[in-house]
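Trainee: Okay, handing you the structure first.
The values are calculated or read from the model by the stated rules, or taken from the named source; none is laboratory data. Keep in mind that this is a model prediction, so the values were computed, not measured. Reconstructed Cβ throughout: ideal geometry from the backbone, glycine too, with neighbour counts over all protein chains shown. Remember, those area values only see protein heavy atoms, side chains included, never the ligands or the DNA or RNA. Shrake-Rupley method; radii C 1.70, N 1.55, O 1.52, S 1.80 Å.
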Amino acid sequence: MIVDLHNHTILCNHATGSIDEYIQKAIETKTAYFGFSDHAPMDFDPKYRMSFEQMQKYEEDVLNAKEKYKNKINILLGYEVDYLKGHMDDRVLNAKVDYLIGSVHFIEGWGFDNPEFIGKYEEQDIDEIWQKYFDTIEEMANSKLFDIVGHIDLIKVFKFMPKKEISLIAKNALVAIKKADMVLEINVAGYRKPVEEAYPSLTLLELAFKLNIPITFGSDAHEPNQVSLFNDKVIKLAKDVGYTECVYFQNHKRKFIKF
Ligand SMILES: [Zn+2]
Ligand SMILES: [Zn+2]
């Protein structure tokens, strides 16, 4: 991927490989702008993220790598932040980074993308679950705290699909994203999951294109070998919809690059 802004490190406790290994893979696959956006610390679900004390080390490690590889690749620094009311922390929101990805991984405290809690999908009307999820995405956009929307339709991860038309469920969220001037990430992690497609789906990406919402790309790599996987697939997906350029961020400033 020419731009790849969503990648993790071992600090989140569920990824493997060194920062150098991720970058090597990115260089091999001709990435021009490669960003780390590891799970930001939070006082909820601390098991799957770095601690507040580790923020400094994370930022230093990435900035040192940026300097080390500056003649080969542009390294960017970010965080993937959970949009979870009452648990977002100023130390993260005000961190000196290139960008923040806002992601929804919890509906009313339920970690719906964690296989451990998959049983919950059977306990509620599936359309209601989907609507709650996209209402939370809409709230996140309205909060204007983030630069990028992470994996916008993550709720499809285990392929529990709604009966209602998805474009109707997601419409208000997309309009809010446009209004908040956010960038939509095309994230390939879905290809590695039961749903076997990118986030967002073709339908939602077409809607985003109609609304003139800019895009960026993310491997969402949790191991070096996942960097740039499915690159060709997502570039084709974006081009088929009509996109010709994508975004990266430097110090929260948006820059466009053709792909
Ligand atoms: Zn993760
Ligand atoms: Zn995520």
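Trainee: Name every residue in the stretch 1-42 that is more than 19 Å from Asn64 (Cβ to Cβ), open to solvent by 30 Å² or more (accessible area, probe 1.4 Å) and among the charged types (D, E, K, R), in order of residue number.
Mentor: If the condition is that a residue be more than 19 Å from Asn64 (Cβ to Cβ), open to solvent by 30 Å² or more (accessible area, probe 1.4 Å) and among the charged types (D, E, K, R), then Glu28, Lys30 are the ones that fit.
Trainee: While we're on this one: For residues that are within 12 Å of Tyr133 (Cβ to Cβ) and in contact with a strand residue (DSSP E or B) (Cβ under 6 Å, 6 or more places away or on another chain), scanning just the stretch 103-120, find the one that is least open to solvent (accessible area, probe 1.4 Å).
Mentor: Result: Ser103.
Trainee: Can you tell me which of (1) away from ligand 1 (no atom under 16 Å from the Cβ); (2) open to solvent by less than 50 Å² (accessible area, probe 1.4 Å) is the one Val175 doesn't meet?
Mentor: Condition (2) is where Val175 drops out.
Trainee: List every residue pair whose Cβ atoms sit under 7 Å apart, with the two residues 6 or more apart in sequence or on different chains, where the first one lies in the stretch 40-51 and is farther than 9 Å from His87 by Cβ and the second, anywhere, is among the polar types (S, T, N, Q) and more than 15 Å from ligand 2 (Cβ to nearest atom).
Mentor: Taking only residues 6 or more apart or on different chains, the pairs are Pro41/Ser51.
Trainee: Now a separate question. What pairs come up if the first residue lies in the stretch 98-113 and is acidic (Asp, Glu), the second is buried (at least 19 other Cβ atoms within 10 Å of the Cβ), and their beta carbons are under 6 Å apart, counting only those six or more places apart or on different chains?
Mentor: Asp98/Leu76; Asp98/Leu77; Asp98/Gly78; Asp98/Phe249; Asp113/His105; Asp113/Leu154; Asp113/Val157
Trainee: Do the conditions hold for Lys47, that is, is it open to solvent by 50 Å² or more (accessible area, probe 1.4 Å) and away from ligand 2 (no atom under 16 Å from the Cβ)?
Mentor: no
Trainee: Looking at the stretch 215-241, which of its residues are polar (S, T, N, Q) and either open to solvent by 50 Å² or more (accessible area, probe 1.4 Å) or more than 15 Å from the chain's Cα centre (by Cα) (or both)?
Mentor: Result: Asn225, Asn231.
Trainee: Identify, from the list Val81, Val62, the residue that is part of a helix (DSSP H, G or I), crowded, with 16+ Cβ neighbours inside 10 Å and in contact with a strand residue (DSSP E or B) (Cβ under 8 Å, 6 or more places away or on another chain).
Mentor: Working: Val81 fails: part of a helix (DSSP H, G or I).
Criteria check complete, one pass: Val62.
Trainee: Looking at Thr216, Thr203, which is the one that is in contact (Cβ under 8 Å) with a residue 12 or more places away in the chain, within 16 Å of ligand 2 (Cβ to nearest atom) and not small (Gly, Ala, Ser)?
Mentor: Thr216
Trainee: With Thr244, Thr203 as the choices, which residue is surrounded by fewer than 16 Cβ atoms within 10 Å (Cβ to Cβ), of a type in the set (Val, Ile, Thr) and touching a helix residue (DSSP H, G or I) at 6+ places or on another chain (Cβ under 8 Å)?
Mentor: Going through Thr244, Thr203 in turn, the sole match is Thr203.
Trainee: Still on this model: Got at least one residue in the stretch 93-102 being of a type in the set (Gly, Ala, Ser), away from ligand 1 (no atom under 16 Å from the Cβ) and open to solvent by 30 Å² or more (accessible area, probe 1.4 Å)?
Mentor: Within the stretch 93-102 (the criterion being of a type in the set (Gly, Ala, Ser), away from ligand 1 (no atom under 16 Å from the Cβ) and open to solvent by 30 Å² or more (accessible area, probe 1.4 Å)), the answer is no, since none of the residues qualifies.
Trainee: I'm trying to understand the selection: among the residues of the stretch 59-81, which are over 14 Å from Asp20 (Cβ atoms) and under 18 Å from the mean Cα position of the chain (by Cα)?
Mentor: Leu76, Leu77, Gly78, Tyr79, Glu80, Val81
Trainee: Could you check the stretch 136-190 and list, in sequence order, the residues that are of a type in the set (A, V, I, L, M) and more than 19 Å from the chain's Cα centre (by Cα)?
Mentor: Residues satisfying the conditions are Met161, Ile166, Leu168, Ile169.
Trainee: Which ones in the stretch 179-194 are β-branched (Val, Ile, Thr) and more than 14 Å from ligand 2 (Cβ to nearest atom)?
Mentor: Residues of the stretch 179-194 that are β-branched (Val, Ile, Thr), as a first pass: 183, 186, 188.
Selection gives Val183 alone.
Trainee: Are any residues in the stretch 18-34 of a type in the set (Gly, Ala, Ser) and not in a helix (DSSP H, G or I), and if so, which ones?
Mentor: Scanning the stretch 18-34 gives Ser18, Ala32.
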